[in-house]
1. Looking at residue 201 and the list (1) out of contact with any helix residue (DSSP H, G or I) (no Cβ under 8 Å at 6 or more places or on another chain); (2) surrounded by fewer than 20 Cβ atoms within 10 Å (Cβ to Cβ); (3) of a type outside the set (D, E, K, R), which single condition is not satisfied?
2. Within the range 91-110, which residues are assigned to a helix (DSSP H, G or I) and within 20 Å of the chain's Cα centre (by Cα)?
3. Pairs please, first residue from the range 148-160 and loosely packed, with under 10 Cβ neighbours inside 10 Å, second anywhere and in a loop (DSSP other than H, G, I, E, B), Cβ atoms under 7 Å, 6+ apart in sequence or on different chains.
4. For residue 199, indicate whether it is of a type in the set (Lys, Arg), part of a helix (DSSP H, G or I) and touching a residue at least 24 places away in the same chain (Cβ under 8 Å).
5. Residue 175 - would you say it is assigned to a helix (DSSP H, G or I), under 28 Å from residue 39 (Cα atoms) and modelled with pLDDT of 95 or more?
6. Find the residue count for the range 238-261, including only residues that are of a type in the set (Asp, Glu) and either within 18 Å of residue 197 (Cβ to Cβ) or surrounded by 14 or more Cβ atoms within 10 Å (Cβ to Cβ) (or both).
7. Tell me, which residue of the range 133-147 that is outside any helix (DSSP H, G or I) and without any contact (Cβ under 8 Å) to a residue 12 or more places away in the chain is nearest to residue 85 (Cα to Cα)?
Amino acid sequence: MAYDRWRLTGDALPELGIRVSGKVSPRHCVELARTAEDLGLASVWFAENPFQRGVLATAGACAAATKRVRIGVGVVNPYSRHPALIAMEFAALDELSDGRTVLGIGSGIAAAMSQMGFAVDRPVTAVREAIAIIHAMLAGDKVTYRGRVFSVDGARLGFRARELPIYMAAAGERALRACGEIADGLIVSNLTPPRSTERLARMVGDAAAHANRKMPRIVQYVPCVVRPDGDAARQAVKAVLGEMLTSFWPTNDDWPPAKERIVEESGVPRHDFAAALVGLRRDDSADVVLDERFVAALAIAGTAEECLRQAAHYRRAGVDELALTFAGAQPLEDMAYLCSPRGP
């Protein structure tokens, strides 16, 4: 890979991939996936967020347009897609990709699920049951399962499938324990600083060891802007951070424990974090509201060397693979610059 130059310094890097979402047109996603493969990146991850473009058609197109990169989809939820349907769809995607598919599953965003009429009941139990059903169906079994949330009765795929890797999105204690016990990997979401990732990795590892399983692989999503002008890159990434914070942070001041812990580990005092959210929600510019502390904790931004140094920090926190969202107007150029052995 072109960024092997960094490995000469002795700092270990996680594998690097890209993350795209339903905000990006399918044709542009294919262009990004082809470029990622050409540049030697390891994976393309598709984030399915409610009310944006569905990702399975795009993931299939990218699988057909590439030969080497892993095709990760994370996360889908078992409420809007029954576990049997997930098994059907992802077996087909894995067949199309010649065994390169990784399934990420989670309970979904509760507010969005409510908008669609789904009650997110017993989310950890739901994911546990979904993974059990999916694994059994991909193994070719005739599955009868009576769970607290999901059931199947004599269900079997009508074609030969492969038992593909299943990752879990998790942040709470019960979900992390379940991930260590039953999943092949952990997906760490955006807006998670390295100190938090280190804690999550430790909890998953403890659960896996207790269950006599190997440590699940850890992939983390992180927004990224990489430019020869590092200061410009750090300014540019603030816009996507502001959008993420207003979209995915609670609108009231009563944050769940997992969010409180992330703020504590970000290095940004709670009152400053809360004040930034207030400013963003009244449409103050993210350039003004978010200072360098937010960028350092929640993004990767700067020159290529600075970004690779930050990526090495995530590796030390336990991350095996970084899925970078190349934010801004020039993702193809930024990807090429990051992976260039000589810079611009």
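1. Condition not satisfied by residue 201: (2).
2. Quick first cut of the range 91-110, residues assigned to a helix (DSSP H, G or I) only: 91-96, 110.
Passing the criteria: 93, 94, 110.
3. Correct list of pairs: 154/142; 160/140.
4. Working: of a type in the set (Lys, Arg): yes; part of a helix (DSSP H, G or I): yes; touching a residue at least 24 places away in the same chain (Cβ under 8 Å): yes.
Yes; evaluated as a whole, the condition is true for this residue.
5. Working: assigned to a helix (DSSP H, G or I): yes; under 28 Å from residue 39 (Cα atoms): no; modelled with pLDDT of 95 or more: yes.
So residue 175 fails the test.
6. Within the range 238-261, the first condition is being of a type in the set (Asp, Glu), and the residues that meet it are 243, 253-254, 260.
From what is left, the residues that are either within 18 Å of residue 197 (Cβ to Cβ) or surrounded by 14 or more Cβ atoms within 10 Å (Cβ to Cβ) (or both) are 243, 260.
Summing the residues that are of a type in the set (Asp, Glu) and either within 18 Å of residue 197 (Cβ to Cβ) or surrounded by 14 or more Cβ atoms within 10 Å (Cβ to Cβ) (or both) in the range 238-261 gives 2.
7. Among them, the one singled out is 144.
Per-residue answers, yes or no, for (1) among the small types (Gly, Ala, Ser); (2) surrounded by fewer than 16 Cβ atoms within 10 Å (Cβ to Cβ); (3) closer than 23 Å to residue 258 by Cα; (4) modelled with pLDDT of 95 or more:
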position: 114; (1), (2), (3), (4): yes, yes, yes, no
position: 135; (1), (2), (3), (4): no, no, no, yes
position: 142; (1), (2), (3), (4): no, yes, no, yes
position: 180; (1), (2), (3), (4): yes, no, yes, yes
position: 213; (1), (2), (3), (4): no, yes, no, yes
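The values are calculated or read from the model by the stated rules, or taken from the named source; none is laboratory data. All values reported here derive from a predicted model rather than from experimental measurement. For neighbour counting, all protein chains shown are included, and Cβ atoms are generated from backbone atoms with ideal geometry for every residue, glycine included.
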